[in-house]
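Working notes, structure below.
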Amino acid sequence: MAGTGKAHLRNSADTVLRVEDLVVEYASAGGEKVQAVSGVSIDIIAGETVSVVGESGCGKSTLAKGILQLINTKSGSVVINGQDITKLKGDELREARPNMQMIFQDSISSLDPHMKVSALVEQPLKVWNRGTEAERKAKVDDLLRSVGLDPEIVSDRKPTEFSGGQCQRISIARALALEPKLLVCDEPVSSLDVSIQAQILNILQDMKQRYGLSLLFISHDLSVVRTISDRIVVMYLGRVVESGPAHSIGRNPQHPYTQVLLSAVPTVNPSAKRDRILLSGDVPSPIHPPSGWPFHPRCPVAESRCRTERPEFRTVSHGHEAACHRVPA
Ligand code: ADP
Ligand code: MG
């Protein structure tokens with residue numbers, strides 16, 4: 001349905017993830033409830049990379065953790081492989097976990113510094129009682145090789161002996177040990193040098209092919225996600241403001257916020273030079289969001305109704321929708 005923010009959800013038999021109207025609240029220091037994610041809907045079809053972009057603080061990590069049920073969600077559903085995991089508890093939720101794994105921005109600190117690389121990658125297999133010791137060792141070696149690390153060289157070392165990029169490779173190998181269907185990557189290259197970023201993005205692409213993975217990729221940087229995504233979801237202050245096929249968002253962005261993010265993306269073609277649109281101010285706090293449409297105080301083309309009226313989602317083209325009063329109904 002147009003207007004609900006769910007028109008882009010598809011009814012494919014190959015849907016790996018379908019998130020509808022997900023809401024996540026935190027308790028603020030003053031005890032008030034703060035919605036960090038407000039009614040987000042996204043889906044991923046097998047083999048796709050779907051990216052979520054937006055400035056720091058807009059709720060991307062909260063969305064990722066909410067999807068994986070690493071934090072409590074207030075309402076909404078998260079269907080993975082046909083099962084709404086928000087309804088699962090205890091052992092049932094545990095059983096669903098191998099299907100969905102996550103890697104983080106800060107790979108160095110997300111790996112136990114006291115464990116050897118081989119033990120880190122083997123750990124999920126041990127915890128889930130997969131294979132014999134010899135089978136696990138073969139699997140660990142295979143995983144390490146697939147992320148471009150030589151098991152002979154790295155197995156007995158500790159994460160602290162490696163660079164950020166190498167630690168991210170180790171994290172990827174570890175996350176893939178249980179052959180998940182869905183890998184959630186939360187800013188996996190944001191703390192790496194640009195040349196290393198490309199290597200990690202390439203590894204993720206290879207892993208998609210090799211292990212039949214689907215990716216939910218999170219970044220504050222639209223230039224990173226543009227090249228690797230099938231679909232892009234743009235978030236502002238806990239809400240989706242625009243979503244659609246990556247090429248459609250890239251060529252025909254409709255929301256002023258998406259246009260701002262795109263204007264910051266460097267282009268390789270000098271004749272296609274764009275004027276950079278600058279946003280004033282920071283992302284407002286979700287504790288006391290601005291009235292009406294929360295983006296209006298920073299929007300370069302805000303109209304008076306934006307101060308009082310929240311815009312409905314409007315369909316831009318097939319599978320592409322944006323929440324802005326200026327998009328024709
Ligand atoms: P992003 O990943 O896009 O930078 P986050 O999901 O980390 O954004 O944060 C979204 C909002 O939720 C921010 O306003 C942040 O301050 C708030 N927030 C994040 N984690 C917590 C927490 N554990 N308790 C309270 N507020 C939080
Ligand atoms: Mg984050």
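General observations
- Considering 47, 82, 90, 31, the condition of being under 26 Å from residue 221 (Cβ atoms) and either open to solvent by 10 Å² or more (accessible area, probe 1.4 Å) or within 16 Å of ligand 2 (Cβ to nearest atom) (or both) is satisfied by 47 alone.
- The residues in region 100-145 that are hydroxyl-bearing (Ser, Thr, Tyr) and either in contact with a Lys or Arg (Cβ under 6 Å, 6 or more places away or on another chain) or open to solvent by 60 Å² or more (accessible area, probe 1.4 Å) (or both) can be counted, and the count is 2.
- Extreme residue, nearest to the chain's Cα centre (by Cα), among residues of region 50-79 that are within 16 Å of ligand 2 (Cβ to nearest atom) and β-branched (Val, Ile, Thr): 52
- Complete set of residues in region 167-181 that are out of contact with any Ser or Thr (no Cβ under 9 Å at 6 or more places or on another chain) and either at pLDDT below 95 or open to solvent by 10 Å² or more (accessible area, probe 1.4 Å) (or both): 174, 178, 179
- Scanning region 187-220 for residues that are under 13 Å from the mean Cα position of the chain (by Cα) and open to solvent by 50 Å² or more (accessible area, probe 1.4 Å) yields one hit, 220.
- Residues of region 4-22 that turn out to be open to solvent by 20 Å² or more (accessible area, probe 1.4 Å) and either on the phi > 0 side of the Ramachandran plot or outside any loop (DSSP other than H, G, I, E, B) (or both), as a count: 4
- Picking from residues in region 169-190 that are assigned to a loop (DSSP other than H, G, I, E, B) and closer than 11 Å to residue 219 by Cα, the one that is farthest from ligand 2 (Cβ to nearest atom) is 189.
- Some residue of region 110-123 being modelled with pLDDT under 95 and among the small types (Gly, Ala, Ser): yes
- Residue list for region 52-68, restricted to those being more than 6 Å from ligand 1 (Cβ to nearest atom), open to solvent by 10 Å² or more (accessible area, probe 1.4 Å) and not in a loop (DSSP other than H, G, I, E, B): 65
- The set of residues in region 23-34 being of a type in the set (A, V, I, L, M) and part of a strand (DSSP E or B) consists of 23, 24, 27, 34.
- Where a residue in region 166-183 is acidic (Asp, Glu) and its partner, wherever it lies, is surrounded by fewer than 22 Cβ atoms within 10 Å (Cβ to Cβ), with Cβ under 8 Å and at least six apart: 179/98; 179/211
- Every pair of residues 6+ apart whose Cβ atoms lie under 9 Å, when the first sits in region 78-105 and is without any contact (Cβ under 8 Å) to a residue 24 or more places away in the chain while the second is of a type outside the set (Asp, Glu) and open to solvent by 70 Å² or more (accessible area, probe 1.4 Å): 88/94; 92/83; 96/81; 96/83
- Only one entry of 179, 242 meets the criterion of being touching a helix residue (DSSP H, G or I) at 6+ places or on another chain (Cβ under 9 Å) and over 30 Å from residue 131 (Cβ atoms), and that entry is 242.
- Screening residue 223 with (1) open to solvent by 10 Å² or more (accessible area, probe 1.4 Å); (2) more than 15 Å from the chain's Cα centre (by Cα) gives one miss only, at (2).
- Lone unmet requirement of (1) open to solvent by 20 Å² or more (accessible area, probe 1.4 Å); (2) of a type outside the set (Phe, Trp, Tyr); (3) touching a Lys or Arg at 6+ places or on another chain (Cβ under 7 Å) for residue 163: (3)
- Taken together, 184, 154 contain a single residue that is surrounded by 17 or more Cβ atoms within 10 Å (Cβ to Cβ) and within 20 Å of the chain's Cα centre (by Cα), which is 184.
The values are calculated or read from the model by the stated rules, or taken from the named source; none is laboratory data. Keep in mind that what you see is a predicted model, and the values were worked out from it rather than measured. Cβ sites come from the backbone with ideal geometry, for glycine too, and all protein chains shown count toward neighbours. Please note that ligands, DNA and RNA were not included when accessible areas were found on the heavy atoms of the full protein model with its side chains. Shrake-Rupley method; radii C 1.70, N 1.55, O 1.52, S 1.80 Å.
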